[in-house]
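Here's the structure, in C-alpha cells; my notes come after.
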Amino acid sequence: MKQVLIEGVQLFKDIFKYNAEYFVPPNGHINNSLNETLYENGIKYRAVAKVQAEPLGNGETRMVLHWLGQKDRTGIRYLTRNCFFEPSHPGKDWIDSCLYEIQTAFRWHKPAIISTHRVNYIGRLRPENRDRGLKQLSALLKEIILKWPDVEFMTTPELGKLIDESHK
C-alpha cells in the first residue's frame, strides 16, 4: 500500500503538474498508519469520516473518532464533511437537505464542507443523470448565495490552510 500511495502521488504530479495536498482514500478505507507515507509525499490534508471504521487487516476494523481540523502524530490534518449532496440518489430533496446542513454548520460557526460524488454529474450511460445533477447543483449554489450572500467558496487545500493558520 505504501508503494501504491507513493506512485499515486507522483502520477498526480506528473499528470496535473502540481503537487497534491489533499487525499481522499478510495471508498474512505485506509489504515491510519499510512498517513506517514502520505505526509512524506506532500499530502497535508485527508478526508475522513467523523466515525472511521479503520481497517486493521483480516477483516477486522476499529472505530476511530475524528473532528474537523484534528491533526495526527504524522502532521496530517483531518477534514470531515458535514453536508451531503447526492442528487442521483432518489427519494430525498437533496437541495433542501443540504441547505439545512449548511445552515446548521454556519449556526455553529463551522465551515460547510459538502460531500458530493462524480456519479451525480456523469452522463455517458444516462445523460439525464448528468443533466439533473448539474441542474440541481446550480440550484443549490444559487440558493446558497441568496441565503448567505457573503459566503466564500474555496478548495479543500485552501480550507486546510485556513485551519492551519487558525491553529498557530
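Please treat every number below as a calculation from the coordinates, not as lab data. Nothing here was measured: the structure is a model prediction, and the numbers come from that model. We place every Cβ from the backbone using ideal geometry, glycine too, and count neighbours over all the protein chains shown.
Annotation: the chain has a Kirkwood hydrodynamic radius of 17.7 angstrom, from the mean reciprocal C-alpha pair distance.
Arranged from fewest to most other beta-carbon atoms within 10 Å of their beta carbon, F106, F23, F12 become F106, F12, F23. Seen against the Cα atoms of the chain and their longest principal axis, helix 2-16 is set at about 50 degrees.
For the range 98-127, the residues whose backbone nitrogen is under 15 Å from a point 7 Å from the Cα of L162, taken along Cα to Cβ, are 102-103, 105-115. Only Lys, Arg, Asp and Glu carry charge here, each on its Cβ (+1 for the first two, -1 for the last two); on that basis the chain has a dipole of about 100 debye about its Cα centre.
Let me know the shape class of the range 75-122, please: from the alpha-carbon gyration tensor, a ≥ b ≥ c as square roots of the eigenvalues, rounded when a/c is under 1.5, otherwise prolate if a/b is greater than b/c, or oblate. Oblate, since a/c reaches 1.5 and b/c is not below a/b. For the chain, with a Gaussian network of springs between Cα atoms less than 10 Å apart, report the residue from L38, L125, L140 with the top mean-square fluctuation. Of L38, L125, L140, the most mobile in the Gaussian network model is L125. Counting neighbouring Cβ atoms within 10 Å and putting the fewest first, the residues H29, H167, H66 line up as H167, H29, H66.
Between the C-alpha center of the range 66-83 and that of the range 26-43 there is a gap of 12 Å.
By the beta-carbon count within 10 Å of each Cβ, the least crowded to most crowded order of Y100, Y45, Y39, fewest first, is Y100, Y39, Y45. Measuring r between the beta carbons of K110 and L56 and using R0 = 25 Å, the FRET efficiency lands at 0.25. Against the chain, whose longest principal axis is taken from its Cα atoms, helix 156-166 shows a tilt of about 70°.
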